[in-house]
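Q: I'd like to ask you about the structure that follows.
Coordinate-derived values only; no laboratory data. Keep in mind it's a predicted model, so treat the numbers as computed, not measured. Quick reminder, even Gly has a Cβ in these numbers, built from the backbone with ideal geometry, and neighbours come from all protein chains shown.
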Amino acid sequence: MLKIENLHVSVGERQILKGVSLDIAEGETHVLFGLNGSGKTSLLQTIMGNPKYRVENGRILFRGEDITRLPTDERARRGIGLGFQRPPVVRGVKLGNLLALCLAKSARPDGKKVNDLAGQLNLQPFLDREINLGFSGGEIKRSELLQLMAQDPDLIMLDEPDSGVDLENMNLVAAIIRQLLEKDKRAARRRRSGLIITHGGYILDCLHADRACVMMEGRIVCSGNPRELFDDIRSKGYGECVRCLK
């Protein structure tokens, strides 16, 4: 699904990613751990094609195609979706209209289809509202997932879906993420893959992940079983990762 080879990325004069390599097979879910500023969000933004992030070396392959130089809209059309940690307010665009546009690629948009999707996340009253304007933290998270459901991507990237969400919203958010990643199907039958950033690790209580990586200073420094890595981080902190590297 996704193969990243020796990726070096800069923002302005500062190098952010320093030789990142990563492989995610079809149907797999990977999680990213790391301190703030370690490069996790930068990696997702680079995969999505944010022009602020300049690829200096390396390449990004999606389903075998080199997409390193493709613009964001072309990556989205090919099946890459991103749920932001702090998405912007989009004034003048109603949530329902955006969902209808996303649905147009695979089905004729109609009110019933949009309403059905919104109903799964209790967001019907928000369809006539401007995107994220006046939304609470939990409502923004649900709105991001609703947009991904309408987009129906093959690679789903989520930036801290478990941050700033209360318990009631977390249960619903986790259920929709499981649905998006087809966790109700046998592993061999899943076609969607996931890459999820998490700090608190709460998502691991609700969602099986196949592999985890730890990022530090723009590099992936280790990988392994998600639960084992998170338990080590929770008990020993990231300082243990630094000592391990030495």
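Q: For the chain, what does -39500 (n - 2.57) per DSSP helix run (n ≥ 4), summed and divided by total residues, give at 222 nm, in deg cm²/dmol to the nearest 500?
A: Counting only the DSSP helices, I get -10000 deg cm²/dmol.
Q: The chain: Rg/Rh from Cα coordinates, Kirkwood Rh?
A: Result for the chain is an Rg/Rh of 0.96.
Q: Follow-up. How would you classify region 114-166 from its alpha-carbon gyration tensor, with a ≥ b ≥ c the square roots of the eigenvalues: rounded for a/c under 1.5, else prolate if a/b is greater than b/c, otherwise oblate?
A: Since a/c reaches 1.5 but b/c is at least a/b, the shape of region 114-166 is classed as oblate.
Q: If you don't mind, there's one more thing I want to ask. Can you quote the Å³ per residue value for the convex hull of the Cα atoms in region 116-246, rounded to an integer?
A: 133
Q: Once you've got the Cα coordinates, tell me which of Lys185/Lys236; Lys94/Lys183; Lys52/Lys94; Lys40/Lys185; Lys3/Lys52 are over 24 Å apart.
A: Lys185/Lys236; Lys94/Lys183; Lys52/Lys94; Lys40/Lys185
Q: Report the percentage of all Cα-Cα pairs in region 182-246 whose separation exceeds 14 Å, rounded to a whole percent.
A: Of the Cα pairs, 63 percent sit more than 14 Å apart.
Q: Out of all DSSP beta bridges in region 125-235, what portion is antiparallel? Express it as a percent rounded to 5.
A: 50
Q: Also, quick follow-up: How big is the antiparallel share of DSSP beta bridges in region 32-173, given as a percent to the nearest 5?
A: About 50 percent, rounded to the nearest 5.
Q: Next question, about the same structure. When the expected Rg is taken as 2.2 N^0.38 Å, what fraction or multiple of it is the alpha-carbon Rg of region 1-104?
A: 1.15
Q: Same structure, new question: Could the peptides 143-154, 38-49 be put in order, highest first, of the mean number of other beta-carbon atoms found within 10 Å of their residues?
A: Packing order, densest peptide first, comes out as 38-49, 143-154.
Q: Tell me, how many Å apart are the Cα centres for region 10-73 and for region 109-151?
A: Centre-to-centre (Cα) distance: 27 Å.
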